[in-house]
1. So who's got an amide H within less than 5 Å of the one on residue 117, skipping anything under 5 residues away but keeping other chains? H placed 1.01 Å off N, in plane.
2. Distance in nm between label sites at residue 54 and residue 117, each 7 Å beyond Cα in the beta-carbon direction?
3. Mind listing the phi-derived Karplus ³J(HN,Hα) values for the range 41-50, rounded to whole Hz, using 6.51, -1.76 and 1.60 with θ = phi - 60°, and x for any glycine or proline?
4. What are the residues whose amide H is under 5 Å from the amide H of residue 96, where those residues sit 5 or more places off or on another chain and H is modelled from the backbone?
5. First select every other residue whose beta carbon is under 9 angstrom from the beta carbon of residue 48; then total the charges, Lys and Arg +1, Asp and Glu -1.
6. What distance in nm separates the two pseudo spin-label positions at residue 96 and residue 73, each 7 Å out from Cα along the beta-carbon direction?
7. Residue 42's amide H: which non-local residues (gap 5+, or another chain) put their own amide H closer than 5 Å, with H modeled 1.01 Å from N in plane and none for Pro or chain starts?
Amino acid sequence: GAAGGAAAAASLAVSASKSGGLLSTGRPAGEAGAPAPLPDAFLLFNPGLGQPGWERAWSPTLAALSRARRPVILTALGEEDARADAAFYARWLEEEGGDGGGGTAPGGLRYASNPWASLVNTAAAGGAPSRANALVASYTV
């Protein structure tokens, strides 16, 4: 009945939180100074994993995500961005011995068209049309 539907809807609530610390340097404190609970999943919107110079910044975070053993969802601006992210992730897996410290995307990242991508054209004046979050990849450890 209606009461059952309301209870089911309440259990499907989504919440977002922002922490002041980096996952790779330790979890932020929760109540009574204990580590805050990990989220059910991690979302990385257009993280730019494959952008030159970001290897040192992303490597500890990828290791922490792997140790967290939670689903990870990534978006990319387009094909080139997705290829660079997937290539970086493959190199990172190889350097980490193939398991990323506790679980990784089997076979690397595989991006696909994102049905929930923004419809706003984000291209610079005179540039090719571009959509934010046009592609999405996910993995569960």
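1. Placed amide hydrogens put nothing under 5 Å from residue 117.
2. That separation, rounded to one decimal, is 1.7 nm.
3. Listing the rounded values in order: 7, 10, 10, 10, 7, 6, x, x, 3, x Hz.
4. Residues meeting the amide H criterion: none.
5. For residues surrounding residue 48, the net value is -2.
6. The modelled label-to-label distance comes out at 2.0 nm.
7. Result for residue 42 returns 72, 73.
Each value in this text was obtained by applying a stated rule to the coordinates, not by laboratory testing. If you're wondering where the values come from, they're calculated on a predicted model, not measured in any experiment. Positions of Cβ are generated from backbone atoms using ideal geometry, with glycine treated the same way; all protein chains shown enter the neighbour counts.
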